[in-house]
1. Name the pairs whose Cβ atoms lie under 7 Å apart, with the first residue in the range 82-93 and closer than 13 Å to Leu32 by Cβ and without any contact (Cβ under 8 Å) to a residue 60 or more places away in the chain, the second aromatic (Phe, Trp, Tyr) and part of a helix (DSSP H, G or I), and 6 or more positions between them or separate chains?
2. Out of all the residues in the range 60-99, which are loosely packed, with under 14 Cβ neighbours inside 10 Å, not in a helix (DSSP H, G or I) and not small (Gly, Ala, Ser)?
3. Taking the range 103-113, which residues are in contact (Cβ under 8 Å) with a residue 40 or more places away in the chain and buried (at least 18 other Cβ atoms within 10 Å of the Cβ)?
4. Can you tell me which residue is modelled with the highest pLDDT among those in the range 23-73 that are among the hydroxyl-bearing types (Ser, Thr, Tyr) and in contact with a helix residue (DSSP H, G or I) (Cβ under 6 Å, 6 or more places away or on another chain)?
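The values are calculated or read from the model by the stated rules, or taken from the named source; none is laboratory data. Please read all numbers here as calculations on a predicted model, not as lab measurements. Every residue, glycine as well, gets a Cβ built from its backbone with ideal geometry; the counts of neighbours run over all protein chains shown.
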Amino acid sequence: MIRAAILLLVGTLSAVAQSPSISVAARETQELVALCRGTIRDEQGSRKNVTDAIQCLSYIQGFKDGLVFTGGAPRFCIAARVSFGEQVQAFIRWADQHRDTLTQSKQATLIKFFEETYPCPK
């Protein structure tokens, strides 16, 4: 009985994983944008979803820290006066204007966003 349940579960998960409706990369980018929308305040000034907001902020900061830690020179320059909250809000607006990036990985999307939004002076 347990073996049959396990086989059924594995078969179901396999079918879901092979679903062509949305790629893993697209789902990841779409999920990041959705999490970042949790940073937006509602009419009463409260965060819409604090847990989502924390996950968004943590991911983006970790992404930027990872670039520095691995020695990769970022190809973007964020002025010290630009707050982290402003960066996240800019990312949401940018993603809304660049819907085609939702089919790319979160990493590729964030690099494009930062390079286009905060280019280094030449």
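1. Phe91/Phe113
2. Thr70, Arg75, Cys77, Arg81, Val82
3. Passing the criteria: Gln104, Lys106, Thr109, Leu110.
4. Here is the first cut: in the range 23-73, the residues among the hydroxyl-bearing types (Ser, Thr, Tyr) are 23, 29, 39, 46, 51, 58-59, 70.
Next, from what is left, pick out any that are in contact with a helix residue (DSSP H, G or I) (Cβ under 6 Å, 6 or more places away or on another chain): 29, 39.
On the way: Thr29: 83, Thr39: 66.
Taking the candidates together, the pick is Thr29.
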